[in-house]
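All of the numbers you see were taken from the coordinates with simple rules; none came from a lab. All values reported here derive from a predicted model rather than from experimental measurement.
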Amino acid sequence: MATAATLGVLALLHVVQIWQILALSFCTGLAQAFGGPAYQSLIPSLVDKKDLPNAVALNSIQFNIARRARSARLQRHAGHLRVLGDRRAEGPWRSAS
């Protein structure tokens, strides 16, 4: 959450550079590398042994749904920017015209 806030502030100030994005992504990945297994290890203590396979499946589904929902939301947002004529929606790879 702190890395997202930091990136948001940098973007609002228009001072974001690629190395900052990479550093913040590294910090987020490092935190998830430690937090993810710890979170997964809690599941067996929260559910009965007979319900464990279903609990693991539901836990995996929540991450996949969140990933898909985030992608859909970003695509919808980019579509609105294109409709409004905002050239930033095209990204840095747009042709120089």
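Subtracting the Cα-Cα distance from 0.36 nm times the residue separation, let me have the gained length for W19 to L58 in nm, one decimal.
Full-extension gain reported as 10.4 nm.
³J(HN,Hα) across segment 40-55 via Karplus (A = 6.51, B = -1.76, C = 1.60, θ = phi - 60°), whole Hz, x for Gly/Pro?
5, 6, 6, 4, x, 7, 9, 10, 5, 4, 6, 9, 4, x, 5, 5
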